[in-house]
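Step one of this worksheet: look at the structure below.
A short reminder: the numbers here are calculations on the coordinates, not readings from a lab. Only a predicted model underlies this, so the values are computations on that prediction, with no experimental measurement involved. We place every Cβ from the backbone using ideal geometry, glycine too, and count neighbours over all the protein chains shown.
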Amino acid sequence: MVSDYGLDERKLKILQAIIKNYLETGEPVGSRTISKYADLNLSSATIRNEMADLVEMGYILQPHTSAGRIPSDKGYRLYVDMLMSEKEQEIQEKQEAMLERVDKMEKLLKQAAKVLATNTNYATLITSPAAASNRIKFIQLSKVNDEQIIAVIVLGGNVIKNKIIEVDDSITDEMLLKLNMLLNTTLNGMAIESINLGLIARLKEEAGSHSEVIGCVLDAVAEAISIDDEMQVYTSGTTNLFKYPELSDKESAEEIINAFEEKQQLANLVSHTLSQEENTGIQVYIGDEAPVENMKDCSVVTATYDLGEGLKGSIGIIGPKRMDYEHVLKSMKKLQLELDNMFNENRENNDS
């Protein structure tokens with residue numbers, strides 16, 4: 001079977017083996033070295049014949065002083081195009097899988113909030129998971145047109161973010177390849193919080209005239225882990241609060257309704273909880289202890305659920321100060337464990 005590049009599978013494998021070996025050693029690669037690759041299972045004579053064809057086609061070169069071969073510019077270009085194509089396909093598949101998971105997760109969290117509100121007779125909130133602390137897995141820059149490139153950023157937990165970057169000067173394919181290699185060799189596997197000003201300055205210096213692209217990519221990474229901007233807050237049972245006389249007067253009711261309708265105060269509450277690394281259990285805020293101004297007449301109970309890989313979400317129950325704390329804590333603990341187990345089970349199924 002001939003590939004889109006005009007090479008059959010055997011020639012492609014041999015070319016890939018030559019390039020990988022040359023990248024590792026910097027030495028011309030001979031047929032005997034290639035024959036040791038287990039998945040080829042070819043004789044040295046067969047490999048020599050295929051290498052001769054690859055030389056004739058312009059994918060590899062033979063230095064005058066060596067019996068081995070080295071990749072040509074044409075060979076490098078094919079190799080890089082294949083790598084980028086594979087990564088684009090991988091990212092596309094991950095995006096499709098994530099969209100499906102997000103849809104299922106949204107339905108699950110909304111249902112969980114409703115069940116918790118019914119079970120406790122208070123107001124509840126549950127957030128979508130957010131990257132409280134994360135690592136960079138992969139960054140890919142691709143050209144959209146002469147004025148724009150797109151940055152695809154993959155974080156731990158397969159969180160994927162896209163950002164369009166405007167460029168003043170057109171970027172060549174070679175420069176784009178250099179920027180991709182620079183970003184990935186430097187940032188791959190790095191924790192977000194480890195990116196400091198010194199590292200940023202070094203990246204920009206190595207990027208030369210395209211240093212602004214590096215700045216935009218790092219801005220996109222920062223945006224990708226922004227809790228308040230990305231977090232979805234699902235609520236249920238707000239009207240339950242008005243069953244309690246101390247919360248049903250006009251002023252208290254308006255403040256509570258505003259907090260639930262605008263969602264920003266709830267996001268602030270959750271951000272406060274998630275930002276405290278020690279808050280892995282259940283937190284209880286009574287009256288003035290609550291980090292939300294409009295809930296000073298209430299008690300707020302929060303808990304964190306953990307999906308692993310730096311992804312965490314929060315559960316909250318809001319009720320009067322005279323809430324049934326024993327029942328609330330039991331309900332909260334039960335849901336926390338159920339969510340942890342459910343998400344861990346889903347992750348294992350997706351990984352298998």
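Between residue 64 and residue 163, what is the FRET efficiency for a Förster distance of 51 Å, r being their Cβ-Cβ separation, to the nearest 0.05?
0.60
Strictly greater than 22 Å: what percent of every Cα pair in the stretch 9-80 meets that?
9 percent
What is the distance, in nm, between label points placed 7 Å from the Cα along the Cα-to-Cβ direction at residue 342 and at residue 114?
1.2 nm
Calculate the FRET efficiency for residue 250 and residue 289 from the Cβ-Cβ distance with a Förster distance of 25 Å, rounded to the nearest 0.05.
That pair, residue 250 with residue 289, gives E of 0.50.
Note down the relative contact order for the stretch 136-224 as a percent, whole number, built from C-alpha pairs under 8 angstrom at least six residues apart.
That works out to 27 percent.
Scan around residue 298 for amide H atoms under 5 Å from its own, H built in the peptide plane at 1.01 Å from N, and keep only partners 5 or more places away or cross-chain.
Those qualifying (amide H under 5 Å, at least 5 residues apart or on another chain) are 287.
Hey, which of these cross-link pairs are over 27 Å Cα-Cα: 13/161; 11/137; 243/312; 20/178; 104/143; 161/312?
In this structure, 13/161; 11/137; 243/312; 104/143 exceed 27 Å between Cα atoms.
If I model a spin label at residue 330 and residue 144 as a point 7 Å from the Cα along the Cα→Cβ vector, what separation in nanometres do I get?
Distance between label points: 5.5 nm.
Once R0 is set to 30 Å, what does the formula 1/(1 + (r/R0)^6) return for the Cβ-Cβ distance between residue 321 and residue 223, expressed as a FRET efficiency to the nearest 0.05?
0.20
Taking the Cα centre of the stretch 9-80 as origin and charging only Cβ (+1 Lys, Arg; -1 Asp, Glu), how large is the dipole, in debye to the nearest 20?
Here the stretch 9-80 has a charge dipole of around 60 debye.
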